[in-house]
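Structure record follows, encoded as C-alpha cells.
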Amino acid sequence: MANGIEMRKFNRNLVYRVLLSQDEMSKQEIARATGLSLPTVTQNLQELVEKGLVEETGSLESTGGRRAAGFRCIRNARSSVGIDITQHHIRIAVVNLAGEVLCESERERFQFRDDDECYTSIADKVKAIVEETAVDTEGILGVGLSVPSIVDRSHNRLTYSRIIDAPADVARKLEKRLPFHVEVYNDAKAAGYAELYETDTQDGHEELCFYLMLSNSVGGAIINNSEIYLGYNGRSAEIGHVRIVPDGKECYCGQKGCVNAYCSAKILSQETDGELEVFFNELEKGNEKYRQLFREYLRYLAITIINIRMICDGLIIVGGYVGAYMKDYMEDLKRMCAELDPYSNSADYLKPCSFTHDASAVGAALYFVGDFINNL
Ligand SMILES: [Zn+2]
C-alpha cells in the first residue's frame, strides 16, 4: 500500500512524464490526461517549476473563455553523457531529459589501453562534446560507460573482460579525470535500455522483450516489465555463449560452437576489412560470394533466434552493428525462423532495432535520465 509520500512522488512523476511527452499543455489538459484533480496538478506543477524542470509558457489557444496558461518541460535542464567503448573504437552521445540525442560523435578509431594517457584522452573527448552541446555542466547527471564486458552493477565494476583489455575499476579510473560521476554498463544491456526507452515513449511498453545485439561480439538484454533483468551475476541474456554447434568453431571464451563464433558482425565484416557497410553495399549489388556467406549467417541467426523464442515467448529486437542493416532482410529472416518454429508459421515477433548506430552510448546515458525521472 502506497503511503502519502509515495503517492505524492507517484503523482509528481506522472505529471512530469505526461508533460514531457507533449510540447506544451494546460493544467486542464494535464488533469484530463493523468486523471488527477486540478489542485493536485497545480501543486505538482508548482513544485516542478521550483525545481527548474518545468516552465510556464505564454497562453495556449483560447477555447472560447479565458486563455489557459501553458506549461512545458525544460528538456535540457538536465543531461547525461554516454560513452560506448570497445578495444578499437569510441563513440560519445549526450542526451537530455526527453531522451533526445543532443549531440553524438562519429564512431571513431581508438585504441583502449589501461593507462593515464588513454583515460585522459577519453575525458578530454567527453569535455569537448559537453562544450559543443552547450549544456550546463551543473546539470549533467553523470557519464555512462558502455563496455563489452560483464558488469557487476551493484559495485560498478567489471567481473569479466576478454574482448576489451579493461580493468575491473575502469569507471573509477575514468571518473578521476572528470568532474562527473561515472557508471559502467554492459554494452548489450545499455543498448537494450535505449530500445526500451524508445518503445516505452513511442508505442507503450512491451511486457517481455529480448534485445539481441549482433555487434563484434554477440550479447543480449532481457527487458521485463520496463526493466532490464540482469540476473544474479549480471550475466543474463549472454546468448553469445549459447552453444549451437557441438565441437564447432572456437569462441573467444575458449569454448567451441558458441553463437559468437557464427553470428558476430565480424563474420561478415572480415570480408571487407572490418567495414560492415561495404559488405552490405556489395551484398545489395548482388555479390554472389557475399550472398552465400550471408545466407549461411542467417541460417545460424535463425537458429539462435528460435532458441530465444522458445525460452522467452516474447518480442525479439534484432540490434547491434548487423541489426542496423537488417531492415531489408527481415522478411527472409522471419521466413527462416518460421520454418524452425514448432508452434507457428510466422515470426512477427521479430523487429529491427530503432537505434541503428549509437544504441549503447545512448543507453548508457539514458540510465541516468531514467533514474532521475523515477526519483523526481
Ligand atoms: Zn563463447
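The values are calculated or read from the model by the stated rules, or taken from the named source; none is laboratory data. Computed from a prediction, not measured in an experiment: that's the story for all the values here. For neighbour counting, all protein chains shown are included, and Cβ atoms are generated from backbone atoms with ideal geometry for every residue, glycine included.
Taking each residue of segment 240-254 that is more than 21 Å from Val318 (Cα to Cα) and of a type in the set (Lys, Arg) and looking for partners that are at pLDDT 95 or above and within 8 Å of the ligand (Cβ to nearest atom) with beta-carbon atoms closer than 6 Å, six or more apart or interchain, yields Lys249/Ala261. Filtered by the rule that a residue be over 22 Å from Val147 (Cα atoms) and surrounded by fewer than 16 Cβ atoms within 10 Å (Cβ to Cβ), segment 76-99 gives a lone residue, Ala98. Scanning segment 56-80 for residues that are assigned to a loop (DSSP other than H, G, I, E, B) and modelled with pLDDT of 90 or more yields a total of 2.
Rundown of residues vs (1) within 17 Å of Gly363 (Cβ to Cβ); (2) within 14 Å of the ligand (Cβ to nearest atom); (3) outside any loop (DSSP other than H, G, I, E, B), yes/no style:
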residue: Ile222; (1), (2), (3): yes, no, yes
residue: Ile228; (1), (2), (3): yes, no, yes
residue: Gly234; (1), (2), (3): yes, no, no
residue: Val245; (1), (2), (3): no, yes, no
residue: Gly248; (1), (2), (3): no, yes, no
residue: Cys253; (1), (2), (3): no, yes, no
residue: Ala261; (1), (2), (3): no, yes, yes
residue: Ser269; (1), (2), (3): no, no, yes
residue: Gly274; (1), (2), (3): no, no, no
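Could we say that Tyr349 is free of Cβ contacts under 8 Å to residues at least 60 places away in the same chain and under 30 Å from Leu20 (Cα atoms) here? Yes, satisfied.
If you go through segment 1-50 and pick out every residue that is without any contact (Cβ under 8 Å) to a residue 60 or more places away in the chain and outside any helix (DSSP H, G or I), you end up with 11.
Filtering Ala190, Ala166, Ala171, Ala237 for residues that are closer than 25 Å to Arg299 by Cα, modelled with pLDDT of 95 or more and either of a type in the set (S, T, N, Q) or buried (at least 18 other Cβ atoms within 10 Å of the Cβ) (or both) leaves a single hit, Ala237. Can you tell me which residues in segment 318-358 are more than 18 Å from Asn281 (Cα to Cα), outside any loop (DSSP other than H, G, I, E, B) and modelled with pLDDT of 95 or more? If the condition is that a residue be more than 18 Å from Asn281 (Cα to Cα), outside any loop (DSSP other than H, G, I, E, B) and modelled with pLDDT of 95 or more, then Val318, Gly319, Glu331, Leu333, Lys334, Arg335, Met336, Cys337, Ala338, Glu339, Leu350 are the ones that fit. Scanning segment 39-57 for residues that are of a type outside the set (A, V, I, L, M, F, W, C) and touching a helix residue (DSSP H, G or I) at 6+ places or on another chain (Cβ under 9 Å) yields a total of 9. Within segment 365-372, identify whether any single residue is modelled with pLDDT under 95, in a loop (DSSP other than H, G, I, E, B) and either buried (at least 19 other Cβ atoms within 10 Å of the Cβ) or in contact with a strand residue (DSSP E or B) (Cβ under 8 Å, 6 or more places away or on another chain) (or both), and answer yes or no. No; the residues of segment 365-372 include none that is modelled with pLDDT under 95, in a loop (DSSP other than H, G, I, E, B) and either buried (at least 19 other Cβ atoms within 10 Å of the Cβ) or in contact with a strand residue (DSSP E or B) (Cβ under 8 Å, 6 or more places away or on another chain) (or both).
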